[in-house]
Amino acid sequence: MKRIGVLTSGGDAPGMNAAIRAVVRTALYHKIEVYGINRGYAGLLDKDITPMNVYSVASILDKGGTILRTSRSDFFPTEAGQKRAAEVLKEYNIEALVVIGGDGSLNGSLCLKRLGVEIVGIPGTIDNDFGASDYTIGFDTAVSTAIEAIGKIRDTTFSHNRINVVQVMGRTCGDIALYAGFSVGAEAMIIPEKPTRLEEICERLLIGKDRGKLHSIVMLAEGCGGYRDYCKKIEELTQVTTKGTNLGYIQRGGAPSHFDRNLASNMGYYAVEAIIKGQTGTVICQRDGKYIAVNLEDALNTPKQFNEEMYEIAKVLSI
Ligand code: F6P
């Protein structure tokens with residue numbers, strides 16, 4: 001193995017830079033050249049490719065975003081796009097590719113694998129929706145960011161005796177809402193994995209109010225819809241002034257937490273180790289604190305487990 005490539009794809013996530021750094025440094029340690037592919041698969045198709053050295057990744061461990069930048073390519077999902085991508089990799093003598101991204105990006109990797117490209121994936125997305133790995137890069141930081149913001153929302157919600165519906169990201173996965181909600185003691189959670197009638201949620205909020213609760217935080221996962229409709233309905237049902245906040249893109253930025261730096265650095269290291277050992281066509285997953293290279297197709301077919309216990313405990317603690 002003489003040369004590998006690395007790219008980030010899909011939504012950026014805090015810790016992606018730590019993963020890039022680990023890929024580059026581990027490869028250079030083993031005397032393997034690394035080419036950075038800018039703007040994800042779109043950059044690969046455009047040949048937006050540059051050699052990286054030990055200095056290219058200096059002082060990025062603590063930076064949010066991705067120095068390679070990212071994109072969602074329209075052309076790449078086509079057969080023609082994938083063929084061209086494989087050809088470009090050949091043209092640059094890139095013998096193996098590390099792809100850091102969410103399941104959409106890793107599905108793209110599977111297509112490249114089928115065209116004979118040696119691929120190792122790293123799950124990087126704030127959504128934590130990749131079933132084969134206990135955690136994805138960026139999730140922990142996104143939850144911490146949400147917790148900090150909700151603390152501020154709680155101050156004003158308390159002062160005005162209101163309800164505040166806090167919408168968080170996650171696509172169809174409710175993990176950001178669940179983990180942040182658990183950590184801030186949210187009074188209710190609206191998440192895709194646990195469809196609950198709004199009447200039931202409002203009854204709970206009113207029971208809390210009767211017992212003396214002066215305000216309530218309702219976590220809303222974006223996969224269940226937008227906060228505006230929920231605010232209207234909750235206000236109608238409870239007769240309590242209900243405001244809403246969409247935390248939006250602040251969840252995707254900022255310095256990665258120690259957990260994400262650790263996770264990303266290990267995943268980057270083990271991705272290159274997997275390439276050296278010939279374990280390509282895989283994705284590096286963390287399971288019970290250990291790092292393993294899982295067959296890419298199997299990983300993509302692994303359903304995401306919902307943390308039922310956390311959800312139930314949150315209900316008990318938020319009465
Ligand atoms: O997948 C990460 C994510 O942040 C999702 O939580 C969100 O739905 C989506 O990306 C937003 O994507 P975009 O940056 O294209 O608006």
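The values are calculated or read from the model by the stated rules, or taken from the named source; none is laboratory data. Owing to the predicted nature of the structure, the values given are computational and were not obtained by experimental measurement. In this analysis, Cβ positions are derived from the backbone assuming ideal geometry, glycine residues included, and neighbour counts consider all displayed protein chains.
For Gly225, the conditions (1) without any contact (Cβ under 8 Å) to a residue 40 or more places away in the chain; (2) in contact with a strand residue (DSSP E or B) (Cβ under 7 Å, 6 or more places away or on another chain); (3) outside the structural domain of Asp129 (by TED's automatic domain parsing); (4) not basic (Lys, Arg) all hold with the exception of (2). Taken over region 272-290, residues that are over 19 Å from Leu7 (Cα atoms) and crowded, with 18+ Cβ neighbours inside 10 Å amount to 1. Kindly check whether there is at least one residue in region 190-211 that is under 22 Å from the mean Cα position of the chain (by Cα), within 20 Å of Thr141 (Cα to Cα) and crowded, with 16+ Cβ neighbours inside 10 Å. Yes: one or more hits. The set of residues in region 239-265 being of a type in the set (D, E, K, R), touching a Ser or Thr at 6+ places or on another chain (Cβ under 8 Å) and away from the ligand (no atom under 16 Å from the Cβ) consists of Lys243 alone. Going by the structure shown, is Tyr29 hydroxyl-bearing (Ser, Thr, Tyr), away from the ligand (no atom under 16 Å from the Cβ), over 13 Å from Ala264 (Cβ atoms) and out of contact with any strand residue (DSSP E or B) (no Cβ under 6 Å at 6 or more places or on another chain)? Answer is yes for this residue.
On the given criteria, is Ser59 over 20 Å from Thr136 (Cα atoms), within 16 Å of the ligand (Cβ to nearest atom) and among the hydroxyl-bearing types (Ser, Thr, Tyr)? So Ser59 fails the test. The criterion of at least 2 residues that are among the hydroxyl-bearing types (Ser, Thr, Tyr) is met by the following strands (runs of 3 or more DSSP E) wholly inside region 220-302: 242-246.
Does Thr70 satisfy being within 15 Å of the ligand (Cβ to nearest atom), over 21 Å from Gln305 (Cβ atoms) and either assigned by TED's automatic domain parsing to the domain that holds Gly170 or outside any loop (DSSP other than H, G, I, E, B) (or both)?
When the stated conditions are applied, Thr70 does not pass them.
Test Gly212 against the criterion of being modelled with pLDDT under 95 and not in a helix (DSSP H, G or I), and give yes or no.
yes
When Ile176, Ile122 are screened for being over 24 Å from Asn295 (Cβ atoms), of a type in the set (A, V, I, L, M, F, W, C) and within 13 Å of the chain's Cα centre (by Cα), only Ile176 passes.
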